[in-house]
Amino acid sequence: MAKKAPLEGIKVADFSWFGAGPICANHLATYGATVVRVESETHIDALRTVAPFAKGKTGYNVSGYFNNYNAGKLSLTLNLNSEKGPDLALKLVEWADIFLTNITPRVIERWGLTYDRLTEVNPRIIACYQPMQGYVGPHRDFLGFGAVLTPITGYNYLSGFPERTPFGLGTNYPDYVINPGHTLIAILAALHYRNRTGRGQRVECAQLPSSAAPLAPAVFDYTVNGRVQTRAGNRLPYASPHGAFKCKPLTDGGMPPDERWIAIGCFSDEEWNRLVEAMGSPAWASDAKLAKIEGRKANEDELEANLSAWTADKDAYELMRDMQSRGVAAGVVQSAREVLDCDDHMRERGYYAYLDHSETGRAAYDGPPAVLSLTPGRLRGPAPLLGEHTEYVCKEILGLGDDEMADLLVEGVLR
């Protein structure tokens, strides 16, 4: 007998777009919630237009970026800028347990989707807002994405090499990692509270403070020691060596060669001695000046140059296995291709789910991030086509008749 999903029966009105909101709602769907993703063809979720696209395909339904974060949802196209759009949105809120949005406060207020208004139609609603910088404060109406949040919160200042300009994280980390997770926890806490008391509540998980939270060590270092941390490349003050070192390139499968790197970190003198043994105790590594971490930090440029020369003609995976067997922290810096096709550990765990999409064909999706033994999550279907479930949602969830639906289509509300 199939095991019941932990959020089965929970209904979500997902009025979000791009990353932070849809990813949070995606987790809710993965663990059993029914999620209606509200979109509009008049103001398309631009993530539908962002690469990578399925090879040879065009249109709003073939973005791997969008599809990965919206698996298992129902898609309703609704023009909230039309006269009747907000009223239909409130009918969906009346049905829902959770309302979720990361759209800017001024737009939410214009549409009449504030918490006070939502509770008029559904007093038990858990209304979750993810504004970029919050509903209170001088920057409440500032626009932006993760690429804006990373410099604002200090990540860019800490990311990169000291002789170069700030580099950032290479991805919109706040949108796709931090804020969706924080928001998910807040929603689950609100659900727990409602189960005990019968009362819903307003949840605000602003992306700015959510993103700043993981930088606590740097903030603590400044408040306690008066030290402003800055870019240090891959180095750490309490480890040496600690970096990525180039290896022999990957040239399998008839594809262009992938650069291959291995990350190595020695957090104690004992680990350094094990690394020296793995290298065959070359003269440069046996120098007394490198025996203690203070000496290795003082001579780090020379140490890294010698270590890079040693790894240059080695197979990264063979090095990793050898060093790990000796108790040295080491790991291959894998490309996306290696993670998907070559990583035996990921394959055995079955993390990626392969789903058939009507326009993109069979593709890999991120699977459930947590494995629950009694109530496992699963991807119940691929991402929806734009507006794929508009008729179903209108008739089966909102209770509209054929004539009502036809009128709304003619008036441009359902688009």
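Read the figures in this text as sums done on the coordinates, not as results from a lab. Computed from a prediction, not measured in an experiment: that's the story for all the values here. So basically every Cβ, Gly included, is an ideal-geometry build from the backbone, and we count neighbours across all protein chains shown.
Pick out, from A291, A336, F245, the residue whose Cα sits farthest towards the positive end of the charge dipole of region 242-345, with +1 on the Cβ of Lys and Arg and -1 on the Cβ of Asp and Glu.
Result: A291.
Enter the mean projected area of the convex hull around the alpha-carbon atoms of region 242-345, in nm², rounded to one decimal.
Hull-based average projected area comes out at 6.7 nm².
How large is the dipole of region 242-345 about the Cα centre if only Lys and Arg carry +1 and Asp and Glu carry -1, each at its Cβ, rounded to the nearest 20 debye?
With only Lys, Arg, Asp and Glu charged at Cβ, the dipole is about 200 debye.
Which entry in [x] 5, 24, 35, 25, 10, 1, 0; [y] 4, 13, 16, 17, 16, 14, 9, 5, 4, 2, 0, 0; [z] 4, 18, 25, 23, 16, 10, 4, 1, 0 is this structure's computed P(r) over Cα pairs in 10 Å bins from 0, in percent?
[z]
What list of ³J(HN,Hα) values in whole Hz, one per residue of region 226-242 in order, does the Karplus curve 6.51 cos²θ - 1.76 cosθ + 1.60 (θ = phi - 60°) give from phi, with Gly and Pro shown as x?
Each residue's phi maps through the Karplus curve to give x, 9, 9, 5, 9, 5, 10, x, 9, 7, 10, x, 10, 8, 6, x, 8 Hz.
Within region 271-326, which trypsin sites (Lys or Arg not before Pro) sit in a loop by DSSP and count at most 14 neighbouring Cβ atoms inside 10 Å?
Hits after loop and neighbour filter: K292, R326.
If you take every DSSP beta bridge fully contained in the chain, what fraction is antiparallel? Give it as a percent rounded to 5. Show your work: numbers first, answer last.
Numbers: 18 of 36 bridges.
Of the beta bridges lying entirely in the chain, close to 50 percent run antiparallel.
Along the positive direction of the dipole of region 242-345 (beta-carbon charges: Lys, Arg +1; Asp, Glu -1; about the Cα centre), which of I264, S325, N306 reaches farthest?
N306
Pairing the Cα long axis of helix 269-278 with the longest principal axis of the chain, what angle in degrees results, from 0 to 90 and rounded to the nearest 10?
Its long axis makes an angle of about 80 degrees.
Excluding same-chain residues fewer than 8 positions from K57, which aspartates and glutamates have a Cα within less than 12 Å of its Cα?
Excluding near neighbours in sequence, the set is E359.
Given H placed 1.01 Å from N in the peptide plane, which residues other than close sequence neighbours of G72 have an amide H under 5 Å from its amide H?
Counting only residues 5 or more places away or on other chains, the set is G381, A383.
Dipole of the chain (Lys/Arg Cβ +1, Asp/Glu Cβ -1, origin at the Cα centre): which of N67, Y176, L215 lies farthest to the positive side?
L215
Averaging sequence separations of C-alpha pairs under 8 Å and six or more residues apart, then dividing by the length of the chain, give the relative contact order as a whole percent.
With pairs under 8 Å counted, the relative contact order is 20 percent.
Counting only GluC sites (Glu not before Pro) that sit in a DSSP loop (anything but H, G, I, E, B) with at most 15 other Cβ atoms within 10 Å, what is the longest stretch of the chain containing none of them?
The reported range is 260-358.
Evaluate the charge dipole of the chain about its Cα centre and quote only its size in Debye, nearest 20, assuming +1 on the Cβ of each Lys and Arg and -1 on the Cβ of each Asp and Glu.
In debye, rounded to 20, the chain gives about 740.
With the cut-off at 19 Å, tell me which of the pairs K11/K73; K248/K297; K73/K395; K4/K91; K248/K289 have Cα atoms farther apart than that.
Details: K11/K73 11 Å; K248/K297 27 Å; K73/K395 17 Å; K4/K91 28 Å; K248/K289 29 Å.
Over 19 Å apart, Cα to Cα: K248/K297; K4/K91; K248/K289.
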